[in-house]
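Structure first, commentary second.
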Amino acid sequence: MKRKTVKRQVRLAIASNAGGSGKTTMAVHLAYAVASRGYKVALIELDQSGSLRIFAGLTKAVPERSTAILFQKKFDGTYPLVPLWSDRVKALFAIQGGESLEQSTNEVYFAARRYYILGDCLEKYPLDADLIVFDTPAALEPMGLAALAASTHVLVPIKPEYKDTGGFAGLLEWYYNKIDELKLKPEPEILGFVPTRVELGKATHRNILGIDEKGSKRQEIEPTQTLPGQIEGLGIHCFPYIRESNYFLSASGAGLPVHLYRPGCEASKSFDSIVTKLVQVMVEE
């Protein structure tokens with residue numbers, strides 16, 4: 001696919017107030033899919049768990065070669081970028097998080113600029129990327145808040161479970177409150193919500209999404225009674241759901257995106273609508 005001229009850099013925070021929603025899976029696959037279209041992509045891991053190391057088949061990063069360095073006063077703009085799958089894409093890089101972020105997380109609370117540190121870093125030392133993806137931890141603060149303050153857009157993966165869907169209003173409240181508290185200008189936009197890890201065999205998932213066992217919409221259920229309908233009713237876009245797949249688990253174990261692990265499979269097409277939207281935002285005035 002021919003690369004279009006980029007008019008603006010997109011900084012995408014993948015945020016969720018629930019664990020197990022597939023944030024890292026989302027981050028890795030979106031990063032690869034956009035890079036495979038010829039765009040420059042940087043993936044910044046803000047999670048202490050260091051899941052990216054497994055998902056991308058990397059070795060453990062030392063503190064000086066991790067995201068932790070971005071939060072230190074001595075940072076001079078030399079980003080510790082690690083190329084990902086360079087035999088398949090030309091411009092996809094990552095900055096690993098992991099255990100070394102623990103001290104940074106504690107220090108953020110005592111820093112003068114606190115939640116603005118990451119955004120300040122990217123403004124002072126612009127990163128040569130069309131898309132920057134922040135993989136955030138389930139705890140929204142402080143790293144989730146640092147990502148919000150540095151972002152232009154937010155994407156929210158959400159599992160169709162009652163405990164998760166019941167919290168989506170809380171995440172929106174957090175989002176709007178923090179934008180107001182931090183006086184973020186321009187305000188980061190919500191790119192959309194996306195139901196993830198959907199299992200059509202689970203009645204709960206089908207009922208929450210208003211679909212049948214084949215994934216088709218159930219006409220007898222009012223849209224306002226479904227999770228996508230409630231999200232859309234708030235004027236927020238809801239992307240098509242992403243099904244749970246063993247391919248994602250196997251691919252992550254192999255340190256690959258599913259596009260490379262199982263080319264052409266249905267799972268590899270799961271992110272197409274989000275990728276199309278991201279490219280649209282990057283190339284339009």
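The values are calculated or read from the model by the stated rules, or taken from the named source; none is laboratory data. What you are looking at is a predicted structure, and each value in this text was computed from that prediction instead of being measured. Please note: Cβ atoms are built from the backbone with ideal geometry, for glycine as well, and neighbour counts cover all protein chains shown. Ligands, DNA and RNA are stripped out before the accessible areas are found, and what is left, the full protein with its side chains, is counted by its heavy atoms. Shrake-Rupley method; radii C 1.70, N 1.55, O 1.52, S 1.80 Å.
Can you name every residue in segment 101-123 that is part of a helix (DSSP H, G or I) and hydroxyl-bearing (Ser, Thr, Tyr)?
Ser104, Thr105, Tyr115, Tyr116
Considering only helices (runs of 4 or more DSSP H) fully contained in segment 227-285, which possess at least 2 residues that are within 20 Å of His153 (Cα to Cα) and either in contact (Cβ under 8 Å) with a residue 60 or more places away in the chain or open to solvent by less than 50 Å² (accessible area, probe 1.4 Å) (or both)? Quick ask: steps written out before the conclusion?
Details: elements: 227-233, 246-253, 258-261, 272-283.
Counting at least 2 such residues, we get 227-233, 272-283.
Every residue in segment 198-214 that is in contact with a helix residue (DSSP H, G or I) (Cβ under 9 Å, 6 or more places away or on another chain) and open to solvent by less than 20 Å² (accessible area, probe 1.4 Å), please.
Within segment 198-214, Val198, Leu200, Ile208, Leu209, Gly210, Ile211 meet the criteria.
Identify, please: which residue in segment 45-54 is of a type in the set (A, V, I, L, M) and under 16 Å from the mean Cα position of the chain (by Cα) and is, among those, surrounded by the fewest Cβ atoms within 10 Å (Cβ to Cβ)? Give the steps one after another, and end with the answer.
Filtering segment 45-54 for residues of a type in the set (A, V, I, L, M) gives 46, 52, 54.
From what's left, under 16 Å from the mean Cα position of the chain (by Cα): 46, 52.
Numbers: Leu46: 25, Leu52: 28.
Per the criteria, the residue is Leu46.
Which of the residues that make up segment 88-100 are in a loop (DSSP other than H, G, I, E, B) and more than 12 Å from Phe71 (Cβ to Cβ)? I'd like the intermediate steps shown before the answer.
Just the residues of segment 88-100 that are in a loop (DSSP other than H, G, I, E, B), to begin with: 88-91, 96-100.
Of everything in segment 88-100, those that are in a loop (DSSP other than H, G, I, E, B) and more than 12 Å from Phe71 (Cβ to Cβ) turn out to be Arg88, Val89, Lys90, Ala91, Gln96, Gly98, Glu99.
If I filter segment 215-226 down to residues being open to solvent by 80 Å² or more (accessible area, probe 1.4 Å) and assigned to a loop (DSSP other than H, G, I, E, B), which single residue comes out as nearest to Gly170 (Cα to Cα)?
Glu222
Starting from residues that are crowded, with 21+ Cβ neighbours inside 10 Å and farther than 22 Å from Glu123 by Cα, keep the ones in segment 55-72 and report whichever is modelled with the lowest pLDDT.
In this case the residue turns out to be Ala61.
How about segment 50-82: which of its residues are within 19 Å of Pro257 (Cα to Cα), small (Gly, Ala, Ser) and out of contact with any Gly (no Cβ under 7 Å at 6 or more places or on another chain)?
Ser51
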